[in-house]
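Bear in mind these aren't lab numbers, they're just calculated from the coordinates by the rules spelled out. In this text the structure is predicted, and so the values were computed from the model without any measurement. Positions of Cβ are generated from backbone atoms using ideal geometry, with glycine treated the same way; all protein chains shown enter the neighbour counts.
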Amino acid sequence: MTTSPLEQLTEQTAELLASIEALATIEALREAEASLTGKRSILSTLQKSLGALEPDARKAAGAELQEARRVVESALEARRVLLLRDARRASLEADRLDLGDVIVSDVHWPLSIGHPGLVALTQRELEDVFVGMGFSVADGPEVESDWFNFEALNIPPGHPARGLWDTFYVELGEPETVVLRTHTSPTQIHLMEHAVSTNTLPIHSVMPGRCYRRDTPDARHLVGFHQIEGLVVDRGISFGDLAGVIETFTRAYFGPDIASRLRPGYFPFTEPSAEFEVTCTICHGDGCRTCSDTGWIELGGCGVLDPAVLEAVGIDGDEWSGFAFGFGVDRCAQMRHQLGDMRALIENDTRFLGQFS
Ligand SMILES: [Zn+2]
């Protein structure tokens, strides 16, 4: 009688199971897989050797071998599930990012560090210029009552000028409707009321911040935009002081070859009022398409405070006088960097934004 090639099968199976148990990583399992159950494995070699057996013995040995293979394969599968789970856990553990612990040199991908956007940078530069001229910087709320945004600025309900500043009204119920401020001017009212109640006149402040109008966005208008306004309330202030501040600012911010000029204008809260223009930053005064061949570009508005505005906040117009001015921060950025379309400022295109770090 031929000796069965499966004499050692129990030991061989036990060895296979032990070596499966010893596989420590999913990579090791993948490498060992072929030698455990593949064509060159001991199981396959035994399978081939069964051909030499008598048919009956072959059948019995075949079944035995089949069972051994099933046991080995299921042990291998169980080991695979376990190792995959461990690998997954280890990977999750490794990927967990404790932001408090990140050390830049430990991060191995190209790390790009953000920076303030062009509008924020422009606002800071403008603030710096005005602080250098002796102004303080004041902040005010973006949601205002109708009183602060309009009425205290000499724009009563029904005044035609409201059409210029149409905005987003929010009904809060009685007694007041609030608005997203259309300009930073309400901060002037807050400042003056505060100075009156605390007896801290005079005022020399600039008020930068975000404003809202119901404009349709285009190359020169945005629904949300930024203004910076200035307010001076002091004794003996004249239109000449205003013109001097505008000129000093213009040369400090845009450079010595850019000048300013004032043209008569209209604002409900100043009298007289002026629109101020600066030398076209693109053609430097020679005339181009952007400035409609005038050599000048309108930047903002200004004027001497209307006595009605002083009266509304309780300032004695016989003792105090002042002026105010305002212009767009986004507009300044547009002019200084010669942006064709202001919408680039809000479109989050890093190819554009990345140029201003
Ligand atoms: Zn020009």
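Let me make sure I get this right: for the range 118-356, a, b and c are the square roots of the gyration tensor eigenvalues over alpha carbons, sorted descending. Under 1.5 in a/c it's rounded, otherwise prolate if a/b > b/c, else oblate. Which is it? Because a/c hits 1.5 or more and a/b fails to exceed b/c, the range 118-356 counts as oblate.
The magnitude of the dipole of the chain, with charges of +1 and -1 set on the Cβ of Lys/Arg and Asp/Glu and taken from the Cα centre, is near 1760 debye. Computed across the range 9-106, the Kirkwood radius stands at 15.9 Å (inverse of mean 1/r, all Cα pairs). Projecting the Cα atoms of A63, F168, G326 onto the charge dipole of the chain, computed from C-beta unit charges around the Cα centre, puts A63 farthest toward the positive end. What you get for the range 9-106, charging only the Cβ of Lys and Arg (+1) and of Asp and Glu (-1), is a dipole of about 500 debye around the Cα centre. Residue by residue, the range 245-258 carries 3J(HN,Hα) couplings of 5, 4, 5, 4, 4, 4, 6, 5, 8, 8, x, x, 8, 10 Hz when phi is fed to the Karplus relation 6.51 cos²θ - 1.76 cosθ + 1.60 (θ = phi - 60°); x denotes Gly or Pro.
What ranking do 253-266, 221-234 get when scored by the average of other Cβ atoms within 10 Å per residue, highest first? Write out the running numbers ahead of the final one.
Values: 253-266: 14.4, 221-234: 20.7.
Result, highest mean first: 221-234, 253-266.
Is the C-alpha gyration tensor of the range 192-260 telling us rounded, prolate or oblate? Criteria: a/c under 1.5 is rounded; beyond that, a/b larger than b/c is prolate, otherwise oblate. Judged from the Cα gyration tensor, the range 192-260 comes out oblate (a/c at least 1.5, b/c at or above a/b). The 3J(HN,Hα) values that the Karplus relation (6.51, -1.76, 1.60; θ = phi - 60°) gives for the range 38-45 are, in residue order, x, 4, 9, 6, 4, 5, 5, 4 Hz. Gly and Pro appear as x. The value given for the range 280-334 is a Kirkwood hydrodynamic radius of 13.7 Å, derived from the mean inverse Cα-Cα separation.
Couplings 3J(HN,Hα) for the range 132-149, derived from phi with the Karplus relation 6.51 cos²θ - 1.76 cosθ + 1.60 (θ = phi - 60°), are x, 8, x, 8, 9, 10, 10, 10, x, x, 7, 9, 10, 7, 4, 4, 5, 6 Hz, where x marks Gly and Pro.
How high is the relative contact order of the chain? Use alpha-carbon pairs under 8 Å, at least six apart in sequence, and give a whole percent. List each step's numbers first, then the result.
Details: 528 pairs, mean separation 49.3, N = 357.
Relative contact order for the chain comes out at 14 percent.
Grab the other residues whose beta carbon is less than 10 angstrom from that of P208, score K and R as +1, D and E as -1, and report the net. All intermediate terms of the calculation are to be shown ahead of the outcome.
Numbers: positive: R124, R210; negative: E127, D139, E229.
Result for the neighbourhood of P208: -1.
Just going by the charge dipole of the chain, with Lys and Arg at +1 and Asp and Glu at -1 on Cβ, which of H337, I155, I20 is farthest out on the positive end? Value computed over the given set: I20. Under 5 Å from the amide H of S4 lies no amide H of any residue 5 or more positions distant or on a separate chain, with H modelled from the backbone and absent for Pro and chain starts. Annotation: peptides 35-41, 116-122, ranked by per-residue average of other Cβ atoms within 10 Å with the highest first, follow the order 116-122, 35-41. Placing unit charges on each Cβ (+1 for Lys and Arg, -1 for Asp and Glu) gives the range 207-357 a dipole about its Cα centre, and among I282, G303, L262 the Cα reaching farthest toward its positive end belongs to I282. Across D56, D215, D293, mean-square fluctuation computed from a Gaussian network of the chain (C-alpha pairs under 10 Å connected) peaks at D56. With K and R counted +1 and D and E -1, the other residues having a Cβ less than 15 Å from that of P116 yield a net charge of -2.
Highest mean first, the peptides 192-204, 298-310, 239-251 sorted by other C-beta atoms within 10 Å per residue fall in the order 298-310, 239-251, 192-204. For the options S238, S292, S112, a Gaussian network treatment of the chain with springs between C-alpha atoms closer than 10 Å singles out S112 as fluctuating the most.
Here is the short version for the chain: C211, C302, C332 have no other Cys C-beta closer than 4.7 Å.
Please give the calculated 222 nm ellipticity per residue for the chain, where each DSSP H segment of at least 4 residues contributes -39500 (n - 2.57) and the sum is spread over every residue; nearest 500 deg cm²/dmol? Before the final figure, lay out the partial values.
Values: 11 runs with 141 residues, N = 357.
Calculated from helices alone, the mean residue ellipticity at 222 nm is -12500 deg cm²/dmol.
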